[in-house]
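The next block holds one structure in the form of structure tokens; read it before the comments.
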Amino acid sequence: MPALDYPPPLQRLIAQIRALPGLGPRSAERVVLWLMQDGTRVEPLMDGLRDLGERVVACDQCGFFIEREEACVLCESPKRNHALICVVEQAADVLRLERSGAFTGLYHVLGGKLSPLDNVTPEDLRIEALMGRVRGLNVEEVILAVGSDVEGEATASYVGDLLRAEGVAVSRLAQGMPAGGGLDHVDELTLYQALQGRRRV
């Protein structure tokens, strides 16, 4: 007698959900079973996914999400400083910076970071598009707001070299002590970066 399992459509959906970041096999199974508990949950999700696929695209210039056929509110705003570009890894990073209210320039989403182990090369990122924008907009400074891990540092170094060759000022986000944090909760690398990036008061 064969072992009992979910019907094939459920198995396929669990496999699809499992492929999402941050979800393992048990979490994927719980999500699918939650969807199946009530007949009203599947249809709105299908509509939302269909709507997403048909109406949302990445802006050709900055890489942030926009509705198809709509102008990008970030790139087209006359209130933004077009001589300053902040480079981030993912579109979600744009929202994090924008919500801080500290940046009023343009953004550029790379779509990841260099990672030879994962076969992510410069050609896989939106680096060429960044260089085109820098040349076309007469950008004065580019802020590299990528991670401080090994891949982020490699990405910042590579992109920084290209930008400096174009005569553009390049800067990185400051790193170090978190606001409201004490020395007893900070690792050695963070302390080192905080000391290197200290400023006079």
Worksheet, complete the sentence: Heads up, segment 47-99 by the C-alpha gyration tensor (a ≥ b ≥ c square roots of eigenvalues; a/c under 1.5 rounded, else a/b over b/c prolate, else oblate) looks prolate
Worksheet item: Summing +1 for each Lys or Arg and -1 for each Asp or Glu, what net charge is found among the other residues whose Cβ lies under 11 Å from the Cβ of residue 151?
Response: -3
Worksheet item: What's the center-to-center distance, using Cα atoms, between segment 162-198 and segment 131-157 in Å?
Response: 16
Worksheet, complete the sentence: Quick calc: nm separation of the 7 Å Cα→Cβ label points for residue 80 and residue 184 -> 4.4
Worksheet, complete the sentence: Across 60, 187, 149, the residue with the highest GNM fluctuation in the chain (Cα network, 10 Å cutoff) is 187
Worksheet item: Once the piece of chain linking residue 141 and residue 49 is laid out straight, how much longer is it, given 0.36 nm per residue of separation minus the C-alpha distance between them?
Response: 29.3 nm
Worksheet item: When Rg is the radius of gyration of the Cα atoms in segment 148-201 and Rh is its Kirkwood radius, what does Rg/Rh come to?
Response: 1.08
Worksheet item: Counting pairs of alpha carbon atoms under 8 Å apart in space and at least six apart in sequence, what relative contact order in percent does the chain give?
Response: 13
Worksheet item: Of the residues 24, 112, 167, which exhibits the maximal mean-square fluctuation in a Gaussian network model of the chain defined by a 10 Å Cα contact cut-off?
Response: 24
Fill in: Projected area, mean over directions - segment 58-201, Cα convex hull, nm²
10.6
Practice prompt. Report, in degrees rounded to the nearest 10, the 0 to 90 angle that the Cα long axis of helix 42-55 makes with the longest principal axis of the chain.
Written response: 40
Worksheet item: What net charge do the residues around residue 92 carry, taking every other residue with its C-beta under 12 Å from that of residue 92, with Lys and Arg at +1 and Asp and Glu at -1?
Response: -1
Response to the item:
Dividing the alpha-carbon radius of gyration of segment 102-171 by 2.2 N^0.38 Å, where N counts its residues, gives 1.08
Discussion item. Run the helix sum for the chain: -39,500 (n - 2.57) per DSSP H stretch of 4+ residues, divided by residue count, reported at 222 nm to the nearest 500 deg cm²/dmol.
Written reply: -13000 deg cm²/dmol
Worksheet item: Order of 108, 185 from fewest to most other C-beta atoms within 10 Å?
Response: 185, 108
Response to the item:
Simple SL model, points at 7 angstrom along Cα→Cβ for residue 68 and residue 154; separation in nm is 3.6
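FYI, it's all coordinate maths here, none of it is from the lab. Predicted, not measured: the structure shown is a model, and the values here were computed from it. Because the Cβ atoms are built from the backbone with ideal geometry, glycine has one as well, and the counts that use them run over all protein chains shown.
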